[in-house]
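Asker: Right, I'll just put the structure down here and ask away after.
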Amino acid sequence: NALEQFRAFVANTKGAKGEFSQQQIKLVDGKATISKTASGTFSFSRPGKFIWTYSKPYEQSLQTDGDKLYIYDKDLNQVTIKELNGALGASPAAILFGNSDLEKNFQLKDAGTKQGVEWLDASPKAKDSQFEHIGIGMKDGLPMALELRDSFGQVSLVTLKNVEKNPNFKVDQFKFVLPSGAEVFRQ
Amino acid sequence: CATPPGMPRATESNQAAQPQTRHYREQINLSGRIHVQYQHNDKAQSLPGSFEWSQDHEKLHINLLNPLGQTIASIEQDAHGARLQQANQDMRSAANLDQLLDEALGWPLPVAGLKDWLQGYSRNARQTPSALPTEDNLMLTADGWQLRYVTWIQEAGEIRPKRLDLQRYTPQAGAVSLKIIIDQWNTP
């Protein structure tokens, strides 16, 4: 089931890389409509290092080397650097890329199978989380979808594809390189 | 009805070539990026994020989202006043929206002004929106804000703002900078 697959994934996947597409789904007078779609690439290495790069509709990337989060927007040529101090713990990134004490931040529960994908619910234990509900879709031992519902009921459906498990990353794969001429804002 | 004499008939070819005459839209849906910088207890704050703006004759609805797409604040304004809902907080309402946002967000979001500025207009003496010249790096001051229309874009035969930077100083939020990039523009 999903929970066993997910626990095995967390245990034996040191890192991965692949592509994602993300759809923002809104309820407009009762009907679920896709309001925005975005896509890009991701890579992560446990514990807590990841790069989440949007290429469409614009180039923006979120990257962490484990202690700082770098948010870069290409059009603005600006980088915002935030101290992580644990801020990653309850975010969706922590689910895929975090470390094994994930179940400290999330209550995991099986949620059955839909269209051949085995789902589990991850409910944030923190009261002030930005998420009302997170769903993780597992298939053949890999996460292939994340359903993120925020506290306003807006849903982001993230699907992962061409996921390569435990690729051999370059040593400084997750070291942030400041783009030339970029303006830096420290948080 | 026949075109008034002397008015060139907008044929298909020249209509696509030169942009249609612009007009202010009461009904419009916009979304894009907003990067907010301000000071809180004189520590610099930098909030990259995105926004959704849907406006019609009776109502204005604005969503502010974080870089991963989760809603941080939802703002609504209509004849009955304005309401702000922030994640995990009680709904707040007030007659004056801009003041409510100043207090709740900790930085000023000039909603009244943006209703014109996002479309490349500014209110003239007769309080009606008047079209601004579509020049890159056009600078002007309005409602205490310095505006810079960094770039414009022609889309579907119409020229509209692409990137707009706003700056001002406020006692509460210090040097405030809002960088707005309009990525989606649809007029139903």
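Each value in this text was obtained by applying a stated rule to the coordinates, not by laboratory testing. What you see is a predicted model; the values in this text were computed from it and never measured. Neighbour counts are summed over all protein chains in view; Cβ atoms, including those assigned to glycine, are modelled from backbone coordinates with ideal geometry.
Asker: If you average 1/r over every pair of different alpha-carbon atoms in region A:1-53 and take one over that average, what Kirkwood value in Å do you get?
Answerer: Hydrodynamic radius (Kirkwood, Cα only) of region A:1-53 equals 13.5 Å.
Asker: Okay, next question. I need the semi-axes of the equivalent ellipsoid of chain B: take the C-alpha gyration tensor, multiply each eigenvalue by 5, square-root it, list largest first in whole angstrom.
Answerer: Result for chain B: semi-axes of 32, 18, 16 Å.
Asker: Moving on. Can you check what the net charge comes to around B:D143, using other residues whose Cβ is under 12 Å from the Cβ of B:D143 (Lys, Arg +1; Asp, Glu -1)?
Answerer: Computed value for this residue: +1.
Asker: Can I ask one more? Percent relative contact order of region A:101-187, based on C-alpha pairs within less than 8 angstrom and at least six residues apart?
Answerer: Computed value for region A:101-187: 15 percent relative contact order.
Asker: Any idea how far the Cα center of region A:112-141 sits from the one of region B:27-80, in Å?
Answerer: Value for the Cα centre distance between the two parts: 28 Å.
Asker: Take peptide B:56-69, look around each residue's Cβ out to 10 angstrom, count Cβ atoms belonging to other protein chains, and average those counts.
Answerer: The shielding value for this peptide is 4.
Asker: For region A:1-105, I need the span (max minus min coordinate) of the C-alpha atoms along each principal axis, in Å, sorted largest to smallest.
Answerer: 38, 37, 23
Asker: Between region A:38-74 and region B:117-137, how far is it from one alpha carbon centroid to the other, in angstrom?
Answerer: Going from one Cα centre to the other spans 37 Å.
Asker: Determine how many Å³ per residue the convex hull of the Cα atoms of region B:77-171 encloses.
Answerer: With only Cα atoms used, region B:77-171 gives 141 Å³ per residue.
Asker: Considering the Cα positions of chain A, please state its Rg to one decimal place and its Dmax as a whole number of Å.
Answerer: 16.4, 50
Asker: First select every other residue whose beta carbon is under 14 angstrom from the beta carbon of B:T71; then total the charges, Lys and Arg +1, Asp and Glu -1.
Answerer: Here the count lands on -1.
Asker: Averaged across A:69-81, how many Cβ atoms of other chains sit within 10 Å of each residue's Cβ atom?
Answerer: Mean partner-chain Cβ count within 10 Å for A:69-81: 4.
Asker: Taking the Cα atoms of the protein assembly as shown, report the difference between the largest and smallest coordinate on each principal axis, in whole Å and largest first.
Answerer: Computed over the protein assembly as shown, the largest-to-smallest principal extents equal 76, 51, 46 Å.
Asker: Any idea what the alpha-carbon Rg over 2.2 N^0.38 Å comes to for region A:108-181?
Answerer: Taking the Cα Rg and dividing by 2.2 N^0.38 Å, one obtains 1.44.
Asker: Inside 10 Å of the C-beta atoms of B:175-181, what's the mean count of C-beta atoms belonging to other chains?
Answerer: 1
Asker: Springs between alpha-carbon pairs under 10 angstrom, Gaussian network model over chain B: which of B:Y38, B:Y24, B:Y121 fluctuates most?
Answerer: Sorting by GNM fluctuation, first place goes to B:Y24.
Asker: Give me the compactness ratio for region A:70-153, meaning the Cα radius of gyration over 2.2 N^0.38 Å.
Answerer: 1.25
Asker: A further question on this structure: Please work out the Kirkwood hydrodynamic radius for region B:28-104, using every pair of different C-alpha atoms, and report it in angstroms with one decimal place.
Answerer: Computed over region B:28-104, the radius equals 13.4 Å.
Asker: Over chain A, what relative contact order in percent results from Cα pairs under 8 Å that are six or more residues apart?
Answerer: Relative contact order here is 25 percent.
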